[in-house]
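The structure's right below; bear with me while I get my questions together.
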């Protein structure tokens with residue numbers, strides 16, 4: 001006598017032949033309800049509350065940007081004069097690091113000259129900074145790091161930057177670093193920010 005599997009018996013009770021086998025398969029696949037047939041407890045799934053649909057914006061390959069919603073209070077700064085000033089000033093003081101200001105190659109560096117409106121302005125600033133580094137005992141007249149401590153906007157097209165420049169101490173038996181603080185004046189002319197030499201307070205140096 002051939003022994004039948006439990007699900008085959010359940011399918012036979014619901015219907016004979018192919019119908020019984022279909023019911024058994026449905027019970028195994030997902031517990032489909034068939035009129036007159038009981039669903040096993042392990043197939044019962046608790047009812048879940050319906051969730052609201054949410055439309056999430058997707059950034060595709062077309063590089064489109066989603067604008068802030070009106071009244072959200074979010075302000076996007078893209079090309080404001082203040083943002084441009086911050087970016088240019090940060091780049092300039094980073095470019096001071098690693099350069100020797102007693103070197104002709106640094107004096108000819110176009111990446112430093114581009115922040116000055118004229119040849120005379122750059123020459124004045126270069127000579128002033130080189131003297132400040134020498135007075136603060138910078139080894140090789142070379143900054144090794146710099147950090148902007150303060151940005152100040154004095155008015156339309158007028159701003160100041162306070163930056164600290166750090167270097168190795170060039171004095172004998174001085175194994176610590178030295179630093180100086182510069183405050184430079186920047187002005188916006190003809191749609192661009194320029195460094196204005198000689199328009200800022202004196203420099204303070206410090207042994208560290």
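The values are calculated or read from the model by the stated rules, or taken from the named source; none is laboratory data. From a predicted model like this one, the values you see are computed outputs, not experimental measurements. Please note: Cβ atoms are built from the backbone with ideal geometry, for glycine as well, and neighbour counts cover all protein chains shown.
This table checks each residue for (1) assigned to a helix (DSSP H, G or I); (2) surrounded by 13 or more Cβ atoms within 10 Å (Cβ to Cβ); (3) modelled with pLDDT under 95; (4) touching a strand residue (DSSP E or B) at 6+ places or on another chain (Cβ under 9 Å).
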| residue | (1), (2), (3), (4) |
| --- | --- |
| 120 | yes, no, no, no |
| 143 | no, yes, no, yes |
| 154 | no, no, yes, yes |
| 173 | no, no, yes, no |
| 200 | no, yes, yes, yes |
| 205 | no, yes, yes, yes |
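Checking residue 182 against (1) modelled with pLDDT under 95; (2) assigned to a loop (DSSP other than H, G, I, E, B); (3) surrounded by 13 or more Cβ atoms within 10 Å (Cβ to Cβ), which single condition isn't satisfied?
Here residue 182 clears every test but (2).
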